[in-house]
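Encoded as structure tokens, the structure appears first; notes follow it.
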Amino acid sequence: MAVIALTHSTVHRYPSPARRSRNEVRLQPRDGGGQRLVSFELEVSPDAEIETERDYFDNTVWLVSVEAEHTQLVITARSLVESPESGWPGQAAPVAWDPVELACHPALEFALPSPRVPRLETTRRLIRELDLPAHPAAAVIEANHRLASVFRYRPGATSVATPLADVLRLRSGVCQDFAHVLLAIARELGWPARYVSGYLVPGGSSEPGESHAWVEVCGGDGEWVGYDPTHARVAGPEHIAVAVGRDYGDAAPIRGTFVSASPGLQPEVTVVTRQMAQAQEQESQ
């Protein structure tokens, strides 16, 4: 097992002082599914009231409340996670479902449309364009591989508020958008599929660590299989899962509100990863 140190820092700046703020923080890595959480710490400046709870999707949520007037809010999460250095539990192809069993299974919720992943005719047209195999398992695997050939990874092309219909029209976006498109395809093919937020840990000294998003598909055996459409590969030990949900809205790293006379500036996010066994450290901003 490799031990990976993760530091995720977010700075919110307010041109006019914020009188109070409330935040839901989903930055604590999950424990299980091939990874083990060793430790986690959350640091907040200025002083804040902090509580924890488990949400509907079994993610750990840190509730951060700042009552005093402030011009910036800094939230820093420090984690240690063990992940296999090679090999990965699970398989590339999900096990087929019996439709009757799926209709009575809790995973059915993830086969239905969600707020950010509605059912669209554009998705059905994309499936036809990708010319996917008839077999449902082979189709979802090929969709994961082929999306990168018709969609362009382009930071700044979209935002967290960009609707799926616009992403499908633009044919560009970031990892969040690639994940939403694959979710739409998988669900259209009849698979329960969920959004995963987390980190992609570099495999070499020349690659920066980064926040990332991918998809997990649930097979008829109840096992979740991870797919990374941004990189056209199966999710592996380098993917550190933090939160899951129906789409980004359920698994956003930080979501909150504040009271101020003017809007806040764009958050400044820094991710630092360090593979303890190999003494590698990278930084991504």
*Provide V64, V81 in ascending order of the number of other Cβ atoms located within 10 Å of each residue's Cβ, fewest first.*
V64, V81
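Of the DSSP beta bridges with both residues in region 99-250, give the percent that are antiparallel, rounding to the nearest 5. Don't skip to the answer; put the middle values down first.
Working: 21 of 23 bridges.
If we restrict to bridges inside region 99-250, about 90 percent are antiparallel.
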_Quick check for you: which residues of region 226-246 have the amide N under 14 Å from the point 7 Å beyond the Cα of E109 toward its beta carbon?_
244-246
_Area projected by the alpha carbon convex hull of the chain, averaged over all directions, nm²_ = 15.1 nm²
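Arrange C218, C175, C104 by Cβ neighbour counts within 10 Å, fewest through most, would you?
Numbers: C218 24, C175 20, C104 8.
Sorted ascending by nearby Cβ count, the order is C104, C175, C218.
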_Residue-wise HN-Hα coupling along region 112-119, computed from phi with Karplus coefficients 6.51, -1.76, 1.60 (Hz; x: Gly, Pro)_ = 9, x, 10, x, 9, 10, x, 7
*asked:* From the phi angles alone, apply the Karplus equation (6.51, -1.76, 1.60; θ = phi - 60°) to region 74-81 and give each ³J(HN,Hα) in whole Hz, x where the residue is Gly or Pro.
replied: 10, 10, 10, 10, 10, 10, 10, 10
*If you bin every alpha carbon distance in region 99-250 into 10 Å steps from zero, what whole percent lands in each bin?*
11, 44, 35, 9, 1
*Considering only the other residues whose Cβ falls under 14 Å of the Cβ of A157, what net charge follows from Lys and Arg at +1 and Asp and Glu at -1?*
+2
*Calculate, axis by axis, the spread of Cα positions in region 1-61 along the three principal axes, and write the results as whole Å, longest axis first.*
46, 26, 16
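Bear in mind these aren't lab numbers, they're just calculated from the coordinates by the rules spelled out. Note that this is a predicted model, so its numbers are computed, not measured. Neighbour counts are summed over all protein chains in view; Cβ atoms, including those assigned to glycine, are modelled from backbone coordinates with ideal geometry.
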